Amino acid sequence: MPNPDKNLQKPAPKIGKPKNYAGGNPAVASAMRHVLKSAGPVRGTKALLELNQIDGFDCPSCAWPDPDDERSHAEFCENGAKAIASEATTRRIERSFFRKHSIEELASQSDYWHDQQGRLTEPMILRQGDTHYHPISWDEAFALISSELHNLPTPDDAIFYTSGRTSNEAAFLYQLFARHFGTNNLPDCSNMCHESSGTAMKQSVGVGKGTVSLDDIHQADTILCIGQNPGTNHPRMLSTLETAVQNGARIIAINPLKEAGLIGFAHPQKISGMLGQSTPLASQYLQVKVNGDLALLRALGKALFEREAATPGSVIDHDFIQQHTQGIEAYQQRCEEANWDELCTLSGIDKDSINTLADTLLRGERKLITCWAMGLTQHRNAVATIREIANLHFLLGALGRTGAGLCPVRGHSNVQGDRTVGIYEKMPESFLKRLDATFGINAPRKHGLDTVDAIHAMHRDAGKVFFALGGNFLQASPDTSFTAQALRNCSLTCHVSTKLNRSHLVGGTTALILPCLGRSERDIQHGEEQFVSCENSMGIVHQSKGTLNPASRDLLSEPEIIARLAEATLGDTERIRWRWLTQDYDRIRLLIEQCIPGFAPYNRRVRKPGGFYLPNPVKQRVWKTASGKAEFSSSPLEQFEVAPGNLILQTLRSHDQYNTTIYGLNDRYRGIGMGREIIFLNPDDMQSKGIKPISRVDITSYWYDNQDGASAPNQATAETRQLSGFYAIPYDMPRGTAAAYFPEANELVPVHATARESNTPTSKSIEISITPTP
Ligand SMILES: Nc1nc2c(c(=O)[nH]1)N[C@H]1C(S)=C(S)[C@@H](COP(=O)(O)OP(=O)(O)OC[C@H]3O[C@@H](n4cnc5c(=O)[nH]c(N)nc54)[C@H](O)[C@@H]3O)O[C@H]1N2
Ligand SMILES: Nc1nc2c(c(=O)[nH]1)N[C@H]1C(S)=C(S)[C@@H](COP(=O)(O)OP(=O)(O)OC[C@H]3O[C@@H](n4cnc5c(=O)[nH]c(N)nc54)[C@H](O)[C@@H]3O)O[C@H]1N2
Ligand SMILES: [Mo]
């Protein structure tokens, strides 16, 4: 929700020069400040020492893998440290806190303030008409959810959301519970994140996951980093990129903004890095227009075909194409018929730069790796764009061989694993069949609701039950006010959480908060210490074992919460003894290996230091597509366009946040201090609109009913959404584009605006206009 106090004038942010490298001593200093402030010297240092160690816990901050072999004693990452500081904080929210603060009062505070209040400690309930949350026992809470679920007209009126921190063990039990109860309504954060990558890759290569290892990156000739900001969001990726560069790779950054972490990296654990000497990363930096990537990739394809025509046999890997692919003709035709001027105008990149990049792609053994994240996935044509990346790799045969492949860089630390173990509204028949056979249930076959469809369903029909295993649905979702109304329409909303967030404050008729253990905390079941497991961005499943004392004695682990809920709602069956399963998580893992190929023998392999790789057929050049071949795509050249004078807004993360959790108010690499309600603009655009630097502007977004990606001519009939009083910051970015922080700007993202096929909110292409705040 926009903060109700948004109209009060916030002090202007402090503006400095954007940085030209990431890491170094400032990163260490910033991390230590957060850790010491929140977690104190003892708990904080212990937490940092266990982070990403082989026998420690998995860092919740991103899904980038750890080195397979030896690890330095601090696999150090500034933002991992902040994530841990936020979870290992010594502050507590106890019942007195909720007695003191009404819901109204809490809702008027910022997301940053919410995070500062500390860890949740016991289950709380907000009944109809109440102004304050009250304590409730675990047993009563489970009985209440069970009775609400049983009161629903059909199981499909229940919605079970998951955020990507949930372990494999908890996620598997959760989907089993939902399906046994009778619904596939399992939306997750992935629907708003890499869904477009999964959709595109399944069509192109048959598997929706990345195909490279860290070793591949170390050996690549060329690495494209498109639409991602690793300095902030995947800091451990920078040491991998540094190694690649030292081994001779060239990195190409494709991003409308000059992001510090793509320009250079000072390794905070090496003397040179501490002295502020940075390794240059990107050898070429292409400031593409927002959503201009499809045009740029098409132009690269065109350049390669032109070279092949000039010197046949010198460019294209005909053996690969012949043996492994299908559909090159239509793609080639698309490339050939595209016009250079148009491609350059659409992408915002000149022909010389594109040719330089084409030269780079043809260096060495053409070992190309493409990494990408939200800058590509959250657009109307995201699936087409990602398939265009695959096309390029096919031309060079840069797939399924050492040093080459596709690398969607995942966000949440176990978002990939959750999908593997069944968190998906449309799992394939093969999986559902195995569930039925293993558990003697009748898993429903009708596809469930994804995130956006769930919002529409809750908004349309009152009385649903919304249950969230982690996350912050209200703030993460598009169209904040619309989503708030959807949640208010529910008969029950229930959040399993570690920290207070705004989703707790906009509830259904009844609202529950169920507090759980965090990743860093010891999980003891039946007198035995347990560990859980996660799958990282490269398909490695590994264990994660918390070591800190739990924030409160009343916390339950996520698997235990699911098991007790399932027991209260469905009871045990001959083949599912819910609580027995959670007495020893090995029992859950045994069931996972029975239902999902590639895990067995799970319990033994997951205990191996570093874990194990799940099979990925693409690495062996086996294509699980309908045709059994890798599929070229040939989509029309389409791009998001706005009415004359309007801008394309992208929403992105600052350096001091983890999604909706706001650790601080700075964005150090972009030179922003103490401000979040800001909008980055091109200086010439500002001038032409008469907007002065650091003055306040009102932002209006547009949605056209007949819109299919591009804007319709009639602005008068458009649906509009507004935010006011954002500070305008001049920034080096292409004309016609703008950027603002997620989640503050989510109010502007129309719930109808989603990517084709993946239904992901188009959080990176929103049509807006701006005017000075009166
Ligand atoms: N510290 C920290 N770490 C995180 C997170 C966090 O919030 N904080 N979030 C986690 C999660 S869930 C995820 S999914 C990842 C997100 O990781 P990122 O995808 O890096 O996150 P964003 O901030 O959304 O950054 C998007 C980048 O894409 C660029 N971009 C925007 N539009 C376009 C475009 O049209 N074309 C191109 N080429 N680039 C574009 C933006 O300028 C920006 O650099 O990070 C994960 N890690
Ligand atoms: N406009 C815009 N919107 C976006 C995006 C964008 O780029 N722009 N990005 C999208 C993306 S990529 C994603 S992934 C989603 C993120 O969507 P979510 O995953 O729903 O959001 P988070 O902010 O990661 O969730 C934070 C909450 O998780 C809870 N939590 C933390 N750790 C744990 C734990 O161990 N267990 C449990 N049970 N709870 C825990 C805490 O209570 C915390 O408040 O947002 C999406 N929304
Ligand atoms: Mo994400």
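The values are calculated or read from the model by the stated rules, or taken from the named source; none is laboratory data. All figures in this text were calculated on a predicted structure; none of them were measured in a lab. Note: ideal-geometry Cβ built from the backbone for every residue, glycine included; neighbour counts use all protein chains shown.
Brief remarks on what is shown
- Contact map, the stretch 273-292: first residue over 15 Å from Leu376 (Cα atoms), second residue assigned to a loop (DSSP other than H, G, I, E, B) and more than 16 Å from ligand 2 (Cβ to nearest atom), Cβ cut-off under 6 Å, separation 6 or more or different chains; pairs are Gly273/His267; Ser278/Tyr21.
- Within the stretch 459-480, considering residues that are over 22 Å from the mean Cα position of the chain (by Cα) and in contact (Cβ under 8 Å) with a residue 12 or more places away in the chain, the one surrounded by the most Cβ atoms within 10 Å (Cβ to Cβ): Lys464
- Gly206 being of a type outside the set (S, T, N, Q), within 16 Å of ligand 1 (Cβ to nearest atom) and farther than 30 Å from Thr569 by Cα: no
- Yes/no for Pro515 being crowded, with 19+ Cβ neighbours inside 10 Å and within 16 Å of ligand 3 (Cβ to nearest atom): no
- Checking Asn759 against (1) within 26 Å of Thr385 (Cβ to Cβ); (2) of a type outside the set (Val, Ile, Thr); (3) crowded, with 20+ Cβ neighbours inside 10 Å, the condition it does not meet: (3)
- Applying the condition of being over 28 Å from Arg380 (Cα atoms) and either assigned to a loop (DSSP other than H, G, I, E, B) or in the same structural domain as Gly264 (by TED's automatic domain parsing) (or both) to the stretch 657-673 and asking which residue is farthest from ligand 3 (Cβ to nearest atom) yields Gly671.
- Summed over the stretch 638-662, residues that are farther than 30 Å from Gly673 by Cα, crowded, with 18+ Cβ neighbours inside 10 Å and not β-branched (Val, Ile, Thr) total 3.
- Positions within the stretch 324-341 being more than 13 Å from Ser634 (Cα to Cα) and touching a residue at least 60 places away in the same chain (Cβ under 8 Å), in sequence order: His324, Thr325
- Checking each residue in the stretch 259-298 for being more than 9 Å from ligand 1 (Cβ to nearest atom) and charged (D, E, K, R) picks out Lys270, Arg298.
- For the stretch 728-743, the set of residues classified as in a loop (DSSP other than H, G, I, E, B) and within 16 Å of ligand 3 (Cβ to nearest atom) consists of Phe742, Pro743, listed by residue number.
- Cβ separations smaller than 7 Å between residues 6+ apart or across chains give the following pairs from the stretch 756-769 residues that are closer than 30 Å to Lys689 by Cα to residues that are away from ligand 1 (no atom under 14 Å from the Cβ) and of a type in the set (Val, Ile, Thr): Pro761/Val452; Pro761/Thr754; Thr762/Thr754; Ile768/Ile699; Ile768/Thr700; Ser769/Thr700.
- For Leu241, the stated conditions hold: it is surrounded by 24 or more Cβ atoms within 10 Å (Cβ to Cβ), free of Cβ contacts under 8 Å to residues at least 60 places away in the same chain and of a type outside the set (S, T, N, Q).
- Within this structure, Pro550 passes the test of being surrounded by fewer than 22 Cβ atoms within 10 Å (Cβ to Cβ), touching a strand residue (DSSP E or B) at 6+ places or on another chain (Cβ under 6 Å) and in the same structural domain as Gly440 (by TED's automatic domain parsing).
- Checklist (1) more than 8 Å from ligand 2 (Cβ to nearest atom); (2) under 21 Å from His114 (Cβ atoms); (3) out of contact with any Lys or Arg (no Cβ under 8 Å at 6 or more places or on another chain) applied to Ala468, failing item: (1)
- Taking the stretch 38-143 as the region of interest, the helices (runs of 4 or more DSSP H) fully inside it that hold 3 or more residues being closer than 27 Å to Val532 by Cα are 41-50, 78-87.
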